[in-house]
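Working notes, beginning with the structure itself.
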Amino acid sequence: MNLFIDPSKKFYITTPIYYVNDIPHIGNMYTTLACDMIARFMRLDGFSVKFLTGTDEHGQKVEKAAIALEKKPQDFVDLVSQNFRNLASFMQFTHTDFIRTTEPRHLKATQHLWKELLDRDEIYLGGYSGWYAVSDEAFYQESELINGKAPTGAEVEWVTEPSYFFRLSKWQDRLLEFYHANPNFIAPESRRNEVLRFVEGGLHDLSVSRTSFKWGIPVPGDPDHIMYVWLDALTNYITALGYPNQDSDDFKDFWSNSLHVVGKDILRFHAVYWPAFLMAAGLPTPTRIFAHGWWTRDGEKISKSVGNAIDPIKLVETYGLDPVRYFLLREVPFGNDGDFSDTALIGRLNSDLANSYGNLVQRVLSFIAKSCEGIVPKPDPMTSEDQTLLSQITDLLPAIRAHMEKQLLHKVAEQIWQVIGEANRYVDDQKPWALKTTNPTRMGTILYVLAETIRQIAILTQPLVPQASARILDQLAISPDQRTFADLGAALVPGTVLPAPEGVFPRWVEGK
Ligand code: ME8
C-alpha cells in the first residue's frame, strides 16, 4: 500500500487535542503513546516527522468545569493544559509541537478558515433548535436519541438560538465519492463501513456557531457568535503547519503525508465533518484517519464516577515506562477495544519482557562477559542454523514496515517477539556453554550470531521499549548514531570490547 512512502520522506502524525475539563487519564495517554510509537518508527526509518499533540480549550464543557471551580476560563485552561504537557514529558513522548487552541496562531487560522467558508457561501446564518449534549459537544437528531439520551449515554438539552450553519448536506455525494476514491482514508475497515453507512443515511447542515455562552473563538464580523468547538478544534491540525500560509514546503509535504490517530468516539468528526470543511474551503484532505478502540478496566467502563480511573503516572511509577508502553501497545490489537488489568500487565511483563527478551539478552551477554572476556568473538564459517536465524532477522524490517503502514502496532511487537523466541530456541539447541572446552571456535560463532541478532532486535524494538533498547545497545557498544534502520545491515565488529552486562527487564515479583 505504501501510503506514506513519498520522495519528500516527510510524515505528519497527530493525536486528538484533549479537552482540559479534567486531569489527563490513561485513555488520552494511550492515543499519544500509539502516536509516539509510530513517530519513533518513522524517524528510525528515515522520515522527517512532525508529531503534534495538544489541548482543546474552548467550548461549553470546559467553561462549565471552570465555573464549577470558580475560576476564570483562561486561568483554568492554563492550569489544566500544563498537566497534559507535563504528562507528555513524563512519558518521554517525542512530540515536536504542543498546540493550545487559545494561542494566537490558532485564532488566526480558525478565523481565516471561517472567512474562507463564508466567502464561498459554505456557511449561512439561520437559527438552531435541537438537542445538544455538552459532554460530547455534539448535536443530535431526535431520531438518534435513545431513551431521551445521546447514543453515547450523555445527557442532552434542548437548544434554541441563532446560529450559523455549514452546508454539510451538500457535501454528502462528494464525501462518498472521496471515500470510494480513497479506500485507505479511514481505518480500520469496520469503522470505515460505519462512516459510509452514516453518510449514506443523509447529512444535515451543521450548526457551527453558538450564542448562549462566550468561551470560544469569536466569529469574524459577528462577535455575538462564537465558533462551534469542533470547527475550532479540528483546525488545529493545519494551524500547526502554518495555515493560512499554504505555500510553504512544510505545509505541502507534511499535509500530503498525514495521519490522524483518534479514538472511535470522535471518528465521525474527523472522517465526515473535517474533510467536508476542508473540501469546502478548497483545501486538501489529510491522508488517513485511524480510529482505535476503547479501554475498560477489569471489564468496566473507566469513569470518574465509578472511581476506577487509571492514573498514568502511578502506573509508570509502579511498573516502569517500558513495561507500560509494551503492555498497552501489545496486549490489544490496535483498533479493538481492550481491558486493562494489573494481572494482564504483570503477565506480559514477566513472560514477554523478563523471560523472553530479557533472558535472551542476559544469558548471551553474561556468557560473552564470562567466556570471551567481554569481547565480541569472531564468527567462523556459519552453519545453516546460524544463517536461518540471521535471515529471520533480515526479513523482519519489511514485515513490520508493512504492519506499520496499516497501524497494526500489536503485529509489529508480535513479529519481533516471534524472532526473539527463535533466538532463545537457537541458544537451547546450540548449547554454547557445552562447547567452551571442546570447540571454542564454534562457541564464538554461536555467540557472535546471537549478539548480532540482539543488536538488530534492539534497533527494531526502540519504538516499543525505547529505554531498554537503548540500554541493550549501550551494552553492545553501539554508538547512538548507529541505531537507525539504515544501520541494521552494519554487522557487529568482532573484537569490540563490551561493557559489563546488566539486566534490563527485571521480573515482577508480587509484594517485592
Ligand atoms: O474528544 N480508551 O477530547 P477528549 C481509549 N477535544 N482512548 C480513550 C479513552 C479510553 N477509555 N478515553 C479517552 C475530545 N480516550 C476532543 C478532540 S480533536 C480535534 C478534538 C482518548 O479529551 C481517545 O483518543 O474527550 C479519544 O478519542 C480521546 O481520548 C478523547 O479525548
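In degrees between 0 and 90, to the nearest 10, how far off the longest principal axis of the chain does helix 396-405 point, with axes built from Cα atoms?
Long axis of 396-405 versus the principal axis of the chain: about 10 degrees.
Over 5 Å intervals from 0, what percent of Cα-Cα pairs in segment 288-402 sits in each interval?
2, 8, 12, 15, 17, 12, 11, 8, 6, 5, 2, 1, 0
Could you state, as a whole-number percent, how many of the C-alpha pairs of segment 10-293 are farther apart than 36 Å?
Looking at segment 10-293, the distances longer than 36 Å represent 10 percent of pairs.
Just add up the charged neighbours of Arg471: K/R +1, D/E -1, any other residue whose Cβ is under 14 Å from the Cβ of Arg471.
-1
Binning at 5 Å from 0, report for segment 410-512 what percent of all alpha-carbon pair distances ends up in each bin.
2, 11, 19, 21, 22, 14, 8, 3, 1
Size of the dipole of segment 152-259 about the Cα centre, Lys and Arg at +1 and Asp and Glu at -1 on the beta carbon, nothing else charged, in debye to 20?
With Lys and Arg at +1 and Asp and Glu at -1, about 160 debye.
As a test, work out the antiparallel percent of DSSP beta bridges whose residues both lie in the chain, rounded to the nearest 5.
In the chain, approximately 50 percent of DSSP beta bridges are antiparallel ones.
How tilted is helix 384-394 with respect to the longest principal axis of the chain? Cα atoms for both, answer in degrees (0 to 90, nearest 10).
20 degrees
What's the Cα-based Rg to Rh of segment 236-357, Rh via Kirkwood?
Ratio of gyration radius to Kirkwood radius: 1.10.
Tell me the mean residue ellipticity at 222 nm calculated for the chain from its helices only (DSSP H runs of n ≥ 4, each -39500 (n - 2.57), averaged over every residue, nearest 500).
That comes out to -13500 deg cm²/dmol.
Counting DSSP beta bridges in segment 199-333, what percent are antiparallel, to the nearest 5?
Antiparallel bridges: around 55 percent, rounded to the nearest 5.
Distance between Cα centroids, segment 11-28 to segment 70-101: provide it in whole Å.
10 Å
Of the cross-linked pairs Lys108/Lys252; Lys50/Lys252; Lys50/Lys108; Lys10/Lys61; Lys71/Lys214, which ones have a Cα-Cα span greater than 24 Å in the structure shown?
The pairs that break the limit, which is 24 Å between Cα atoms, are Lys10/Lys61.
On average, how much accessible surface per residue is there in the chain, in Å², for a 1.4 Å probe, leaving out ligands, DNA and RNA?
For the chain, the per-residue accessible area is 41 Å².
If you add up the charges near Asp428, with Lys and Arg at +1 and Asp and Glu at -1, over every other residue whose beta carbon is less than 13 angstrom from its beta carbon, what do you get?
0
Students often forget the sequence filter, so: which aspartates and glutamates lie under 15 Å Cα-Cα from Lys149 once same-chain residues fewer than 8 apart are removed?
Here the aspartates and glutamates satisfying the reach criterion relative to Lys149 are Asp136, Glu137, Glu157.
In degrees from 0 to 90, rounded to the nearest 10, what is the angle of the helix 26-44 Cα long axis to the longest principal axis of the chain?
60 degrees
Which distance in Å, rounded to a whole number, links the C-alpha centroids of segment 404-447 and segment 320-339?
Cα centroid of segment 404-447 versus Cα centroid of segment 320-339: 24 Å apart.
Within straight cross-link reach of Lys436, meaning Cα distance under 23 Å, which lysines are found once same-chain residues fewer than 8 apart are removed?
Lys370, Lys378
Quick one: Cα convex hull volume of the chain, Å³ per residue?
158 Å³
Ignoring ligands, DNA and RNA, what percent of the accessible area of segment 1-80 is carbon or sulfur (1.4 Å)?
55 percent
Highest mean first, how do 463-472, 133-142 rank when packing is the count of other Cβ atoms within 10 Å averaged over residues?
The packing order, highest mean first, is 463-472, 133-142.
Divide the volume of the convex hull of the Cα atoms of segment 352-487 by its number of residues and quote the answer in cubic angstrom per residue.
Once divided by residue count, the hull of segment 352-487 is 104 Å³.
The values are calculated or read from the model by the stated rules, or taken from the named source; none is laboratory data. Note that the structure is a prediction, hence the values are computed from the model and not measured. FYI the Cβ positions are ideal-geometry reconstructions off the backbone, even for glycines, and counts take in every protein chain you see. SASA here: full protein model, heavy atoms, side chains in, ligands and nucleic acids out. Shrake-Rupley method; radii C 1.70, N 1.55, O 1.52, S 1.80 Å.
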